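The values are calculated or read from the model by the stated rules, or taken from the named source; none is laboratory data. Computed from a predicted structure; not experimentally measured. Positions of Cβ are generated from backbone atoms using ideal geometry, with glycine treated the same way; all protein chains shown enter the neighbour counts. Please note that ligands, DNA and RNA were not included when accessible areas were found on the heavy atoms of the full protein model with its side chains. Shrake-Rupley method; radii C 1.70, N 1.55, O 1.52, S 1.80 Å.
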Amino acid sequence: MAKDKDKSIKDIEDLPGIGSATAEKLREAGIDTVEKVATSSPHDISDLTGISVEAAKKAVDAAKQATTIEYETGEEAYEKRKSLGRITTGSKGFDELLGGGVETNGITEVYGRFASGKTQIGFQLSVNVQLPQEKGGLEGAVLFIDTEGTFRPERISAMAKAVGLDPNKVLQNIFAVRASTTEQQILTIERADKLIVEKNIKLIVVDSLMALFRSEFVGRGALGERQQKLNQHLHKLQSMADKYNLAVYVTNQVMDNPAILFGDPTTPVGGNIIAHAATTRLYIRKGKEDKRIVRLVDSPNMPEGECVIKITPEGIRD
Ligand code: GTP
Ligand code: MG
């Protein structure tokens with residue numbers, strides 16, 4: 001019953017409380033799909049359209065239900081049992097820790113402190129995904145969302161040369177987007193379908209997943225809204241991973257957790273929403289010199305474990 005009702009919601013006018021005048025205002029504000037209503041806050045919708053917050057909340061809730069069901073039908077539609085793809089990290093030990101490299105159809109999260117190597121891994125995967133399959137790639141392109149202004153073509157070029165790929169071709173296959181608001185970050189993913197299909201995107205990098213969410217949603221009052229938007233964003237990333245059989249790599253920051261008395265007292269930010277959404281979670285920390293210790297914290301099919309990698313001039317290596 002509920003399902004039939006939800007399936008009838010296709011346009012924003014189909015949402016409860018959204019008449020044609022309200023829909024018009026929403027479209028003007030760029031909120032032109034049910035999915036975008038689902039990722040908006042009732043307060044924003046109320047401000048934009050003049051309808052009450054309560055009415056807006058009903059519309060958002062209905063939109064959320066409808067989009068969740070859309071994800072399910074999207075999953076049904078994609079031919080089942082596409083084989084998982086794997087992207088080599090450049091390190092044998094790291095690949096083994098992951099069961100053969102970073103896998104498609106899932107979200108791989110790496111969290112760690114400043115300069116631990118999260119971005120470097122993102123660059124390396126952006127190069128390696130372009131390798132032929134026998135060399136650990138998927139011959140695919142990359143959508144790279146840079147939220148911190150740390151995208152470095154020179155570094156990618158050096159990594160490309162080191163694996164025998166043409167650096168210019170490699171850079172041409174990396175579609176980098178500099179996002180400076182969560183809105184841009186979210187919309188880049190929501191509007192990515194065409195790019196993914198046309199350019200054969202096999203890897204989406206979000207570096208960093210949380211930085212903009214943290215700076216935009218400050219204080220306790222904003223936490224609920226932040227987590228709601230983050231949740232939608234992660235759902236969308238996962239649905240892209242499923243639909244197009246691509247890998248999603250996200251980086252995350254850590255905060256000190258004084259509650260942990262022994263061991264390394266760092267915790268990834270973003271709370272349970274990321275913990276639930278990430279298929280594979282990794283924690284990276286500095287070792288001596290160019291060494292880094294990578295710990296597999298959570299995986300659907302591999303045991304917890306650690307490996308040591310190096311960040312060399314050529315890139316990530318054993
Ligand atoms: P934040 O984004 O600040 O949280 O850090 P991050 O975890 O993304 O760190 P990042 O991946 O940027 O790693 C930075 C470290 O990688 C540097 O401290 C260097 O040790 C190493 N690195 C970066 N660029 C190069 C390079 O061109 N050559 C070599 N050999 N090492 C590099
Ligand atoms: Mg970084």
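Of all residues in the stretch 105-140, those being over 21 Å from Leu237 (Cα atoms), among the charged types (D, E, K, R) and either within 16 Å of ligand 2 (Cβ to nearest atom) or not assigned by TED's automatic domain parsing to the domain that holds Val205 (or both) number 1.
In this structure, Phe217 does satisfy being aromatic (Phe, Trp, Tyr), closer than 24 Å to Lys118 by Cβ, in contact with a Leu (Cβ under 9 Å, 6 or more places away or on another chain) and free of Cβ contacts under 8 Å to residues at least 40 places away in the same chain. So in the stretch 115-173, with the set limited to residues that are of a type in the set (D, E, K, R) and within 16 Å of ligand 1 (Cβ to nearest atom), which one is nearest to Val254 (Cα to Cα)? By that ranking, first place goes to Lys118. Looking at Gln232, is it open to solvent by 30 Å² or more (accessible area, probe 1.4 Å) and assigned by TED's automatic domain parsing to the domain that holds Leu125? No, not satisfied.
Applying a threshold of 8 Å to beta carbon distances and a minimum spacing of six or more residues, or different chains, the list of pairs starting in the stretch 231-260 at a residue that is without any contact (Cβ under 8 Å) to a residue 40 or more places away in the chain and ending at one that is away from ligand 1 (no atom under 16 Å from the Cβ) reads Asp256/Pro265; Asn257/Pro265; Pro258/Pro265; Ala259/Pro265.
Looking across the stretch 150-174, just one residue is open to solvent by 70 Å² or more (accessible area, probe 1.4 Å), more than 16 Å from ligand 2 (Cβ to nearest atom) and within 15 Å of Glu314 (Cβ to Cβ), and that is Lys161. Taking the criterion of being open to solvent by 70 Å² or more (accessible area, probe 1.4 Å) and hydroxyl-bearing (Ser, Thr, Tyr), the only residue of the stretch 185-229 that qualifies is Ser215.
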